[in-house]
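Accompanying notes for the structure given below.
The values are calculated or read from the model by the stated rules, or taken from the named source; none is laboratory data. What you see is a predicted model, and the numbers here were worked out from it, not measured in a lab. Note that each Cβ is placed from the backbone with ideal geometry, even for glycine, and that neighbours are counted across all protein chains shown. Surface accessibility is based on the protein's heavy atoms, side chains included, excluding ligands, DNA and RNA. Shrake-Rupley method; radii C 1.70, N 1.55, O 1.52, S 1.80 Å.
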Amino acid sequence: MTQTIISPDWIANEEGWWASDRSFIPLFDQFEAWADERPNTLRKMSCATEPVRRFLERRGYRMAEMAMVK
């Protein structure tokens with residue numbers, strides 16, 4: 001859980017997740033259930049591939065920002 005300097009809302013932030021198959025789904029579901037227990041909590045998930053983006057969109061996530069790295 002974290003807060004940003006521009007919002008007082010709490011954010012449940014993943015720190016990294018990846019699987020080459022669908023084995024991540026039970027862990028993802030537990031993350032969602034954990035965040036559901038905390039009122040007024042945003043959830044922040046990273047996605048570096050199109051399949052992950054589509055999975056997150058099907059689960060109700062929307063694009064909020066785009067990060068660039070070098």
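Just a few scattered comments:
- Between the residues 69, 56, 33, the greatest Cα displacement towards the positive end of the dipole of the chain, with unit charges on the Cβ of Lys, Arg, Asp and Glu, is found for 69.
- Backbone N atoms of the stretch 35-70 closer than 15 Å to the 7 Å Cα→Cβ label point of residue 25 belong to residues 52, 54-60.
- Taking all protein chains into account, the per residue accessible area for the chain stands at 86 Å² (1.4 Å probe).
- The chain - percent of accessible surface contributed by carbon and sulfur, probe 1.4 Å: 56 percent
- Kirkwood Rh, angstrom, the chain [1 / mean 1/r, Cα pairs]: 13.4 Å
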